[in-house]
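Right, one structure below, let's go through it.
The values are calculated or read from the model by the stated rules, or taken from the named source; none is laboratory data. Everything numeric here is computed off the predicted structure, so don't read it as measured data. Please note: Cβ atoms are built from the backbone with ideal geometry, for glycine as well, and neighbour counts cover all protein chains shown. For the accessible areas, the whole protein counts, side chains as well, though only heavy atoms, and no ligand, DNA or RNA atoms are used. Shrake-Rupley method; radii C 1.70, N 1.55, O 1.52, S 1.80 Å.
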Amino acid sequence: MNTDFLKYQAQTSPYPLGMEVSHAIGSYIYATDSRKYLDFVAGVSACALGHQHPRVNQAIKDQLDKYSHVMVYGEYSQSPAVEYCKLLASLLPAPLDKTYLVNSGTEAIEGALKLARRTTGRSQLISCHNAYHGNTMGSMSVMGFEERKQVFRPLIPDVEFITFNDEADLLKITHKTAGVLLETIQGGAGFIQPHNDYLKKVRERCDEVGAMMILDEIQPGFGRTGKLFGFQNYDVVPDIVVMGKGMGGGMPVGAFTASSAQMDLLSDNPKLGHITTFGGHPVIAAACLATLQEITETNIMQEALEKEKLFRSLLVHPLIQEIRGKGLMLAAMTKSPDITNEVILKCQDRGLILFWLLFEACAIRITPPLTISEEEIREGCSIVLEVMDEMMNKN
């Protein structure tokens, strides 16, 4: 299968990991050679409830028996999408009450950027250095990492960059600014949390100049930080919240939410200001609804914080300099990219899936399913420590 994978399917890197997947269930992925792998990555934070969660699977099957795609987004009233958006509005702080469903996180970013410009009548967008918001052209334009976008220029104009957690840079937000886009917790940069009320200060500056505050919750969202959304840890409410990944229980989806008054601007002058064929797809929306119900009707979010404590207590080793992040959005930082690479690859050989972060080469990604058990955490951490001990002894 790997031969055909490399021959017929476009690749994202010269050296993909190339695991031949047979099936997956719970916290484990099984390869075609019958080996099983404990998953500490969860599809890069997407499989919030693990693999083949029965509630999500049943919701998908039930909806498939009713209908699949019937009309482009926004024309027909379809129960899964309506119920989902209504439940989401009940769980979000005012004025975040209307949601636009799309197909991925990067598409949601595109919609949010358009909404900021449409609402304010301004063009300037502000993002952060080392920010990652997706890979379509608008999302790439607000990516704060030149190496990854220089060969695709020209991108969209009038984008300015500030440094995350640098309060002095907030003066770059002016009356020319349409929107300020931030990851609530910087992902690709190394799972960097806001400190010293940084997000509140961004909120205040946006209010002063009439700019829209957009928070990218694609990774932190849906319980991973102990709250439904990461921004709820920092006593701030954005104008637009962008979501994806863990939202769909492993299904492809994204969304952005704002106030009704703002969101309604996309429906007129011009009409069809933002359109999508498959956004709000009933099967995907059914999976989203089941996922959100499971996350909010159980103790999964609170347990994420207890599991964070367990990870931090276990992952103590001379090769680990610190553990960054919050809840089950964690990164173990080593001294060098070479150490990180060796740990990730050797752990996969031992049956543990870890992964990299986009821009911070010293980080080992630890973003397991929220449903991971204490026993599984201990099992995985013991593999990490065993590998690191062997590396220390070898040197």
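Quick notes on this one:
- Set LYS114/LYS172; LYS346/LYS394; LYS114/LYS245; LYS86/LYS227; LYS114/LYS149 screened for pairs whose C-alpha atoms are more than 25 Å apart: none
- Relative packing of 250-256, 166-172, 17-23, which averages over residues the other C-beta atoms within 10 Å, highest first: 250-256, 166-172, 17-23
- Overall form of the range 191-276 per C-alpha gyration tensor (a/c, 1.5; a/b vs b/c): oblate
- Estimated vicinal HN-Hα couplings, Hz - the range 366-374 in sequence order (Karplus 6.51, -1.76, 1.60; Gly, Pro = x): 10, 9, x, x, 5, 8, 4, 8, 4
- Take every Cα pair under 8 Å whose residues are at least 6 apart in sequence, average their separation, divide by the length of the range 289-332, and the relative contact order is 34 percent.
- Computed over the range 129-279, the P(r) tail beyond 27 angstrom holds 23 percent of alpha carbon pairs.
- Cα-based Kirkwood hydrodynamic radius, the range 137-202, one decimal, Å: 13.2 Å
- Label of the coordinate-derived value, Cα extents along the principal axes in Å, listed as [x] 64, 55, 44; [y] 66, 61, 43; [z] 69, 53, 43: [x]
- C-alpha long axis of helix 79-91 to longest principal axis of the chain, angle in °: 90 degrees
- Distance from the Cα centroid of the range 370-395 to that of the range 211-263 is 32 Å (rounded to whole angstrom).
- Against the chain, whose longest principal axis comes from its Cα atoms, helix 198-209 is set at around 20 degrees.
- Separation of the range 1-37 from the range 118-169 is 33 Å, based on Cα centroids.
- Using the 1.4 Å probe convention, the accessible area of the range 96-247 works out to 35 Å² per residue with neighbouring protein chains retained.
- Percent antiparallel among DSSP beta bridges (both partners in the chain, rounded to 5): 60 percent
- Per atom type, the chain shows carbon and sulfur on 53% of its accessible surface, probed at 1.4 Å.
- Rounded to the nearest 10 degrees, the inclination of helix 300-314 to the longest alpha-carbon principal axis of the chain is 40 degrees.
- The protection proxy used here, the mean number of other Cβ atoms lying within 10 Å of each residue, ranks peptides 61-69, 271-279 as follows, highest first: 271-279, 61-69.
- Scattering profile of the range 252-355 at q = 0.19 Å⁻¹ [log10 I(q)/I(0), Debye over alpha-carbon scatterers]: -1.03
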